[in-house]
Amino acid sequence: MDEKQGRDLLAIGRVQFNTKQRTLTCSGATRHLSATESLLLETLVHAKGMVVQKEELKLKVWGNMKVSDNALVRKIFEVRSALRDITDSVTLNSVYGVGVNLVVGADGGEAHGKPTVR
């Protein structure tokens with residue numbers, strides 16, 4: 001694997017996230033993400049488990065475009081569903097009134113953890 005390919009692949013527990021192809025793969029199962037969903041997940045991966053505030057997510061994913069909370073919630077739902085389809089060890093955790101974080105279970109077990117706001 002060359003250096004560029006390595007930057008395109010992110011490991012989320014046992015899940016491989018290909019940011020260029022916008023795919024999630026785990027145990028032979030693959031799910032495709034939209035460009036928006038991919039940016040959302042990539043933002044959460046780089047936060048390393050910290051809670052990312054809703055307004056920060058909107059800015060990182062949509063830039064300066066005005067976006068409703070409902071649009072963000074819908075994209076979170078779509079990413080959460082894609083993850084759930086291939087593994088139970090990675091999930092998105094919503095923190096009411098604050099934001100969202102990515103939670104990875106230890107040793108591929110069920111995802112759990114206490115969120116920390118950044």
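Where a number appears in this text, it was derived from the coordinates with a stated rule and is not lab data. Model, not experiment: these values are computed from the prediction. Here the Cβ positions follow ideal geometry from the backbone for every residue, glycine too, while neighbour counts run over all protein chains shown.
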Between Asp88 and Ala71, what length in nm is gained on full extension when 0.36 nm per residue of separation is reduced by their alpha carbon distance?
3.7 nm
When only C-alpha pairs under 8 Å and at least 6 residues apart count, what is the relative contact order of region 3-117, in percent?
26 percent
Starting from the Cα gyration tensor of region 3-117, take the square roots of the eigenvalues, sort them a ≥ b ≥ c, and report rounded, prolate or oblate (rounded when a/c is under 1.5, otherwise prolate if a/b is larger than b/c, else oblate).
oblate
Label-point separation (nm) for Arg14 and Gln53, each offset 7 Å from Cα along Cα-to-Cβ?
3.7 nm
